[in-house]
Amino acid sequence: AGWGGARWGTSWPTRAGASVYGVLGWLAGPPGRHPGAGSAATLASGLFVIWLITIALVCYLTPTGRHLSARWAWCARAMWISGSFWFLTILLTPGRLEYPFQSINNPWGVESLRSPLAMFRFLTGAVNNALVLGSFAALILRFRRSDGEERRQLHGLGLVALPVPVLFVVPLLAAATG
C-alpha cells in the first residue's frame, strides 16, 4: 500500500498544478499568453483515471500485496490496462474538455479519430469502472476470508473505504442523467 500512497501523493500535486495553470491560461488574457495551458488542462482533466486505478489496486492487493487468486489478478490487470487506455483516449479525444475546462478545446485531440476514440473511450471507461467496483468486492471477500492481524488491517481500511463505492456510483449516475 506504500506504493499506492506514493502514486496518490504524486498525482495530487500534478493535477493541482496542471489545473491551476490550465485555469490561469483560460482566464488570464488572450490565448497563447500562457504556453502549455491547454495541455495542462487536458492532463488535469484525465488524471482522475490514475486515482481510480490506484484506489482499485490498493483494494485488490491490500494487505498482503498479493492477489486473492489468479482470477482476481486477471481482474486487476484488466483494470489497469483498461484504465490506461481510457486515460489515453481522454487525452486524445478532440473537442471541448470536461468541467472545469469546458471552454477549452483539447490541443492534443486527433480530429480524424473522433468516432473511434469516442467509442473506445466509452468502452474502456465502462470496463474500468466495473473493475474498480470489483476491487471493492475483492476487498470484502478478502476480509471474509481473513483472520488475526490481516483482518485487523482490513478492518481499518474498510472503515476508510466504506463510503468510496457510494461516492463512486453517485457521480456516475449524476453524469449519466445529466
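The values are calculated or read from the model by the stated rules, or taken from the named source; none is laboratory data. On a predicted model such as this, the values are computed, not experimentally measured, just so you know. Neighbour counts are summed over all protein chains in view; Cβ atoms, including those assigned to glycine, are modelled from backbone coordinates with ideal geometry. For accessibility, only protein heavy atoms count, side chains too; no ligands or nucleic acids. Shrake-Rupley method; radii C 1.70, N 1.55, O 1.52, S 1.80 Å.
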Sequence ranges 63-74, 113-124, 88-99, 36-47, ranked by mean other-Cβ count within 10 angstrom, highest first | 36-47, 88-99, 113-124, 63-74
Rounded, prolate or oblate: which fits segment 35-174 when a ≥ b ≥ c are the square roots of the eigenvalues of the alpha-carbon gyration tensor, with rounded for a/c under 1.5 and prolate only if a/b beats b/c?
-> prolate
Segment 55-142: relative contact order as a whole-number percent, Cα under 8 Å and 6+ apart = 40 percent
Förster-model FRET efficiency, 45 Å R0, ARG152 and LEU123, C-beta, rounded to 0.05 | 0.70
Counting Lys and Arg as +1 and Asp and Glu as -1, what is the net charge of the other residues whose Cβ lies under 14 Å from the Cβ of GLY158?
-> +4
Per the 1/(1 + (r/R0)^6) rule, R0 = 30 Å and r from the Cβ atoms of ALA174 and ALA73, FRET efficiency to 0.05 is 0.40
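Please report, as a whole percent, how much of the solvent-accessible surface of segment 63-178 comes from carbon and sulfur atoms (probe radius 1.4 Å).
68 percent
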